[in-house]
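Have a look at the structure below, then the notes.
The values are calculated or read from the model by the stated rules, or taken from the named source; none is laboratory data. This structure is a prediction, so every number in the text was calculated from the model and none was measured. Cβ coordinates were reconstructed from backbone atoms using ideal geometry, including for glycine residues, and neighbour counts include every protein chain displayed. To get the accessible areas, we keep the full protein, side chains included, count just its heavy atoms, and leave off ligands, DNA and RNA. Shrake-Rupley method; radii C 1.70, N 1.55, O 1.52, S 1.80 Å.
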Amino acid sequence: QVQLVESGGGLVQAGGSLRLSCAASGSIFSFNAMGWYRQAPGKRRDLVATIARSGITSYADTVKGRFTISRDNAKNTVYLQMNSLKPEDTAVYYCNAASRGFDYWGQGTQVTVSS
């Protein structure tokens, strides 16, 4: 059974930075892609960033230029570096691991950006 454990969430002022970590059981290289999603109160869960097995990354338009997704295969960990944070970034952030026919999710970590 695959487990994803997020960490690094917290409270930060607007304009600040935060780095989220997602530690996966097994090798992250075995997944087709990994990524981050977020869900604000009363809203749908939306894509933030993904990184494919090839290393190709993609980002939501709202975070391009501010967020960076990266990985450390030796530590089986995916990171999300968040800079220039805005109050609109406030949400629960979820780690995702995609394999053929399966999607795995972490329990989420709260990110709150104050104005």
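Out of all the residues in region 59-69, is one or more more than 14 Å from Leu4 (Cβ to Cβ), without any contact (Cβ under 8 Å) to a residue 12 or more places away in the chain and among the basic types (Lys, Arg)? Yes, some residue in region 59-69 is more than 14 Å from Leu4 (Cβ to Cβ), without any contact (Cβ under 8 Å) to a residue 12 or more places away in the chain and among the basic types (Lys, Arg). Among the conditions (1) farther than 15 Å from Asp72 by Cα; (2) touching a residue at least 60 places away in the same chain (Cβ under 8 Å); (3) more than 11 Å from the chain's Cα centre (by Cα), Arg38 misses just one, which is (3).
For region 93-106, filtered to residues that are out of contact with any Leu (no Cβ under 8 Å at 6 or more places or on another chain) and of a type outside the set (A, V, I, L, M, F, W, C), the residue that is modelled with the highest pLDDT is Tyr94. In region 34-51, which residues are open to solvent by 30 Å² or more (accessible area, probe 1.4 Å) and assigned to a strand (DSSP E or B)? Residues satisfying the conditions are Tyr37, Arg38, Gln39, Arg45, Asp46, Leu47, Thr50.
Being farther than 23 Å from Val2 by Cβ, within 13 Å of the chain's Cα centre (by Cα) and among the aliphatic types (A, V, I, L, M) is a condition met by at least one residue of region 78-87. Here Ser54 meets the list (1) more than 13 Å from the chain's Cα centre (by Cα); (2) part of a loop (DSSP other than H, G, I, E, B); (3) more than 20 Å from Ser99 (Cβ to Cβ) almost entirely, failing just condition (3). Every condition in (1) out of contact with any helix residue (DSSP H, G or I) (no Cβ under 8 Å at 6 or more places or on another chain); (2) touching a residue at least 12 places away in the same chain (Cβ under 8 Å) holds for Val111 except the one numbered (1). Which residues, counting only those in region 79-115, are of a type in the set (A, V, I, L, M, F, W, C) and either open to solvent by less than 20 Å² (accessible area, probe 1.4 Å) or in a loop (DSSP other than H, G, I, E, B) (or both)? Once the filter is applied, which keeps residues that are of a type in the set (A, V, I, L, M, F, W, C) and either open to solvent by less than 20 Å² (accessible area, probe 1.4 Å) or in a loop (DSSP other than H, G, I, E, B) (or both), region 79-115 yields Leu80, Met82, Leu85, Ala91, Cys95, Ala97, Val111, Val113.
Is it the case, given these coordinates, that Ser21 is open to solvent by 50 Å² or more (accessible area, probe 1.4 Å) and within 28 Å of Ser115 (Cα to Cα)? Judged against the criteria, Ser21 is not a match. No other residue among Gly65, Gly108 is touching a Phe, Trp or Tyr at 6+ places or on another chain (Cβ under 8 Å), on the phi > 0 side of the Ramachandran plot and not hydroxyl-bearing (Ser, Thr, Tyr) apart from Gly108.
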